[in-house]
Amino acid sequence: MGTHRTVRILGSAVLGATLGAAGLAAVRWGQQADDRVCGSSPDEFCMTLHPFEGMALWLALTLVGFWIGLWALRVRPLALSVPACVLAGVLVQMVWAQYVGLGWSWPHAAVCAAVPALLAAVLPARRT
């Protein structure tokens, strides 16, 4: 395995773990903002847009982060790798939040890092 390929794989894994943690923080921010607003009146119906803003921020961070990160790491083709990473990130975050909660942990980072690293290992690098 060449040095450049190793850098692509490790860089993609770090990128996936970082974007997973950032996405989890964005969703947690939206939930905490909603709890602050609605927590003062638990007997009344309260619905805010904060959870949706957190999810929109998470999706924007994930899409832009993978697009720029995979482009910089020369993982090609972007038309395949970016949607695959975004969809895997969405699936991981949804399942993790449902069954484990919004707290960060090492298994979460490992799962978020797996798909970008596998794609970097399988897909060819851009030729320069």
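The values are calculated or read from the model by the stated rules, or taken from the named source; none is laboratory data. Just so you know, these numbers come straight off a predicted model, no measurement behind them. A quick note on method: Cβ atoms are made from the backbone with ideal geometry, for glycine too, and the neighbour counts reach across all protein chains shown. What goes into the accessible areas is simple: the full protein's heavy atoms, side chains included, and nothing from ligands, DNA or RNA. Shrake-Rupley method; radii C 1.70, N 1.55, O 1.52, S 1.80 Å.
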Inset, instruction - Tell me, yes or no, whether the range 56-71 has at least one residue that is touching a Leu at 6+ places or on another chain (Cβ under 7 Å) and not in a helix (DSSP H, G or I). - result: no
Legend entry - Of all residues in the range 25-54 being aliphatic (A, V, I, L, M) and in a helix (DSSP H, G or I), the one that is surrounded by the fewest Cβ atoms within 10 Å (Cβ to Cβ): Val37
Inset, instruction - Could you tell me which of the residues Ala13, Ala60, Ala97 is open to solvent by less than 60 Å² (accessible area, probe 1.4 Å), without any contact (Cβ under 8 Å) to a residue 60 or more places away in the chain and out of contact with any Lys or Arg (no Cβ under 6 Å at 6 or more places or on another chain)? - result: Ala60
Legend entry - The one condition in (1) closer than 22 Å to Gly101 by Cβ; (2) touching a helix residue (DSSP H, G or I) at 6+ places or on another chain (Cβ under 8 Å); (3) open to solvent by 60 Å² or more (accessible area, probe 1.4 Å) that Gly20 fails to fulfil: (3)
Inset, instruction - Could you figure out which of (1) out of contact with any Cys (no Cβ under 7 Å at 6 or more places or on another chain); (2) within 21 Å of Leu123 (Cα to Cα); (3) not acidic (Asp, Glu) isn't true of Ala17? - result: (1)
Inset, instruction - Please enumerate the residues belonging to the range 104-113 that are out of contact with any helix residue (DSSP H, G or I) (no Cβ under 8 Å at 6 or more places or on another chain) and open to solvent by less than 50 Å² (accessible area, probe 1.4 Å). - result: Ser105
